[in-house]
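Each remark here refers to the structure printed beneath this line.
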Amino acid sequence: MSEIVQQLIDALGRDCVLTHDEAAQRSAGAWGTPGHLNVLALLRPTTTEQIATALRLCNEAGQAVVPHGGLSGVVHGASTGPTEIALSLERMNAIEEVDETNKTATVQAGVILQHLREAVAEKGLLFPLDLGAKGSCMIGGNIATNAGGVQALRYGVTRQLVRGLEVVLADGTILSSLDKMMKNNTGYDLKQLFIGSEGTLGVVTRAVVKLEDAPKTRQTAFVALESFNQAIDFLTFAKRSLPDSLTTFELLWQNYYSLMTSAPSPFAPPLPQQYPYYALIESQGQHEATDNTQFESMLETALDRGLIADAVPAQSQKELDWFWGIREFVEFIFTVHTPVFLFDVSLPISNMAAYIAVVQTKLTQVWPQALCYAFGHMGDGNLHLFVTCGQNDHQTHQEVNRIVYAPLRPIGGSISAEHGIGLEKRDWLHISRSEAEIKVMKTIKQALDPKGILNPGKLLG
């Protein structure tokens, strides 16, 4: 057994440390074929103080540490090698307080997102972060990646939902600022450094997050659109018609909708498959007497004005699950195609149609059989692309990356809207960040983690 692993066992206790062979029984991730963990050791602390002790010892030894949450990421942001120590927050999973007066929750970083949402719902409150991996992802990982999700149009991304943080720095220093206030204009807002930092600057241990009143009503509809301009006009109209309740506006390109509503998919098409675009739109409100009428009136007016081609509202929980299944059951793509490359990008809404057309054209110029399935959070400028071209070697992957990312630079887009950078997108960071910005990021990394022990190689290289 290595000296550092023995030191960690002595300091934390045997129950907090899984050795190489013990950790190898566990999966290395949730996506693709990740295999089993291959690490020097896996730490499972139960307190912030234990994490501080572990990082102090690792920092003194120059030992690399990779923070682990729910391992649901898709950019290899938590990939861990045989000489590295993984630090799992899974046993720090307490919801410490739900403050109904101030509408905040104080939680440990290992709390599963869905568990938090369910716990606050029992008190008539809502934690509005909502994404496909909510049943396994952890709050600490959501914060580390600045997760977005399907309700960002109304509530914002994780960055807008965090009031305070507790973080352990690379040398074991505990930086605790668990504020509940909306306003705290006392110098640098240090928590923002760690939101989206992917565990490269510190390990998030606890957080105070913002809550909202739980909605009393929910209206959902699938809408067919005859052009992208029509999609833009309808989004504008929906925002104006439902200014306080529009929560979600998801756009699906025709090939994705057709794939997800054709056999062997379990979902039938709620609308005919011939339209070029489809929107899944949702409104959540507080007025049981009027919200449904307002939503239906919005759809009827949009149809009368030619802003949409057709619409079908969900009339039951079964139909609601059906509609959302079409949007969220993305794993189905992997049963039809292999290999598949995943992308999430952000860009001005006005550029979306032209951007996807350019990507599709360039892909088929290289691989005539290539397919690009596009869908995503149009309302907040975020698209997901699933690309398959029949090949999976490194050169192919890099060429696909170039085709997807290069057109973003001239239109001011981003190579990552909500998934982060990790290892997968590290070499393409220059597309979205200037040389000066990257230099400042590296300066911050050097200041907070001078030995480079935290999640080495990720994000900045």
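Please list the equivalent ellipsoid semi-axes of segment 179-257, computed as the square roots of five times the alpha-carbon gyration tensor eigenvalues, in descending order and whole angstrom.
Values for segment 179-257, descending: 37, 19, 14 Å.
Where both partners of a DSSP beta bridge lie in the chain, what percent of those bridges are antiparallel, to the nearest 5? Walk me through the numbers before you get to the answer.
Values: 62 of 72 bridges.
For the chain, the DSSP antiparallel bridge percentage is about 85.
Quote the FRET efficiency, to the nearest 0.05, computed for ASP310 versus ASP10 with a Förster distance R0 of 51 Å and r equal to the Cβ-Cβ distance. Walk me through the intermediate numbers first.
On the way: r = 67 Å, r/R0 = 1.32.
My answer for the efficiency is 0.15.
Given the pairs LYS180/LYS318; LYS191/LYS451; LYS191/LYS425; LYS134/LYS318; LYS134/LYS210, which are separated by over 28 angstrom at their Cα positions?
Long pairs (Cα-Cα over 28 Å): LYS180/LYS318.
Counting just the Cα atoms, what span does the chain cover along each of its three principal axes? Round to the nearest Å and put the largest first.
Each principal axis gives a Cα extent; for the chain these are 71, 57, 43 Å.
List the extent of the Cα atoms of segment 253-330 along each of their three principal axes, largest first, rounded to whole Å.
Projected onto the principal axes, the Cα atoms of segment 253-330 cover 40, 28, 15 Å.
Loop only by DSSP, 13 or fewer other Cβ within 10 Å of the Cβ. Give me the trypsin sites (Lys or Arg not before Pro) in segment 216-294 that pass, ordered by residue number.
LYS216
Can you list the equivalent-ellipsoid semi-axes of segment 118-243, largest first and in whole Å, using the square root of 5 times each Cα gyration tensor eigenvalue?
Working from the Cα gyration tensor, I get semi-axes of 33, 17, 15 Å.
For the chain, which whole percent of the accessible surface, found with a 1.4 angstrom probe, sits on carbon and sulfur atoms?
Here it works out to 50 percent.
Given GLY379, GLY422, PRO215, which one lies farthest toward the positive end of the charge dipole of the chain, if we put +1 on the Cβ of every Lys and Arg and -1 on the Cβ of every Asp and Glu?
The residue sitting most towards the positive pole is GLY422.
At 222 nm, what helix-only mean residue ellipticity would the chain give, in deg cm²/dmol to the nearest 500, using -39500 (n - 2.57) for each DSSP H run of four or more?
-9000 deg cm²/dmol
Could you give the Stokes-Einstein D for segment 314-461 in µm² per second, using the C-alpha Kirkwood radius, 25 °C, 0.890 mPa s?
143
For the chain, what relative contact order do you get, as a whole percent, if you take Cα pairs closer than 8 Å and at least 6 residues apart? Could the numbers behind the result be given before it?
Working: 917 pairs, mean separation 71.8, N = 461.
That works out to 16 percent.
Would you report the distance distribution of C-alpha pairs in segment 1-77 as whole percents per 10 angstrom bin, up to the bin with the largest distance?
Cα pair-distance distribution for segment 1-77, in percent: 18, 49, 29, 4.
Evaluate the relative contact order of segment 162-210 (contact order divided by residue number), counting alpha-carbon pairs under 8 angstrom at least 6 apart; express in whole percent. Could the numbers behind the result be given before it?
Numbers: 70 pairs, mean separation 26.9, N = 49.
Relative contact order comes out at 55 percent.
How long, wide and thick is segment 378-448, going by the Cα atoms along their three principal axes, in whole angstroms, largest first?
44, 33, 21
Using the Cα atoms of segment 293-345, I'd like the radius of gyration and the largest Cα-Cα distance, Dmax, both in angstrom.
Over segment 293-345's Cα set, Rg and Dmax evaluate to 16.2, 45 Å.
Note the direction-averaged projected area, equal to a quarter of the hull surface, for the Cα convex hull of segment 54-104, in nm².
For the Cα atoms of segment 54-104, the hull's average projected area reads 5.6 nm².
Roll a 1.4 Å probe over the protein chains and send me the accessible area per residue for segment 255-297 in Å². Don't skip to the answer; put the middle values down first.
Numbers: 1900 Å² over 43 residues.
Computed with neighbouring chains in place, this is 44 Å² per residue.
In square angstrom, what is the accessible area per residue of segment 337-461 with a 1.4 angstrom probe?
Working: 5380 Å² over 125 residues.
Heavy-atom accessible area per residue stands at 43 Å².
Considering only protein heavy atoms, with the full assembly of protein chains and a 1.4 angstrom probe, order ILE438, ILE143 by accessible area, largest first.
Heavy-atom accessible area, descending, gives ILE438, ILE143.
Students often forget the sequence filter, so: which aspartates and glutamates lie under 14 Å Cα-Cα from LYS123 once same-chain residues fewer than 8 apart are removed?
Cross-link targets: GLU97, ASP99, GLU100, GLU212, ASP213.
For segment 1-97, what does the accessible surface come to per residue with a 1.4 Å probe? Please give it in Å².
Heavy-atom SASA per residue in segment 1-97 reads 44 Å².
Determine the distance separating the Cα centre of segment 15-31 from the Cα centre of segment 156-220; give it in Å without decimals.
Spelled out, the Cα-based centre of one part sits 28 Å from the other.
Need the list of lysines near LYS239 for cross-linking: C-alpha distance under 20 angstrom, and skip anything on the same chain fewer than eight residues off.
LYS216
Mind pulling up the Rg/Rh value for segment 127-174? Radius of gyration and Kirkwood radius, both on Cα.
Rg/Rh for segment 127-174 comes to 1.04.
Using only alpha carbon pairs under 8 Å that are at least six residues apart, calculate the relative contact order of segment 160-242 and give it in whole percent.
Relative contact order for segment 160-242 comes out at 33 percent.
Taking a temperature of 4 °C and a viscosity of 1.567 mPa s, what whole-number D in µm²/s does Stokes-Einstein yield for segment 1-159 with Rh from Kirkwood over alpha carbon pairs?
So the translational diffusion coefficient is about 78 µm²/s.
Want the number for THR83 to THR47: 0.36 nm per residue separation, take away the alpha-carbon distance, what's left?
Length difference between fully extended and current span is 10.5 nm.
Compute the Cα gyration tensor for segment 417-461, then decide on rounded, prolate or oblate, letting a ≥ b ≥ c be the square roots of its eigenvalues: rounded whenever a/c is under 1.5, prolate when a/b is larger than b/c in the other cases, and oblate in all that remain.
Taking the square roots of the gyration eigenvalues as a ≥ b ≥ c, segment 417-461 is oblate.
Once the other residues with Cβ under 11 Å from the Cβ of ALA314 are scored (Lys, Arg +1; Asp, Glu -1), what is the net sum? Could the numbers behind the result be given before it?
Details: positive: ARG218, LYS318; negative: GLU282, GLU319, ASP321.
Summing Lys/Arg as +1 and Asp/Glu as -1 gives -1.
The values are calculated or read from the model by the stated rules, or taken from the named source; none is laboratory data. It should be emphasised that the depicted structure is a prediction, and the values quoted were computed from it without experimental measurement. All Cβ positions, glycine included, derive from the backbone under ideal geometry; neighbour counts span all protein chains shown. Keep in mind that these areas ignore ligands, DNA and RNA; they rest on the heavy atoms of the full protein, side chains included. Shrake-Rupley method; radii C 1.70, N 1.55, O 1.52, S 1.80 Å.
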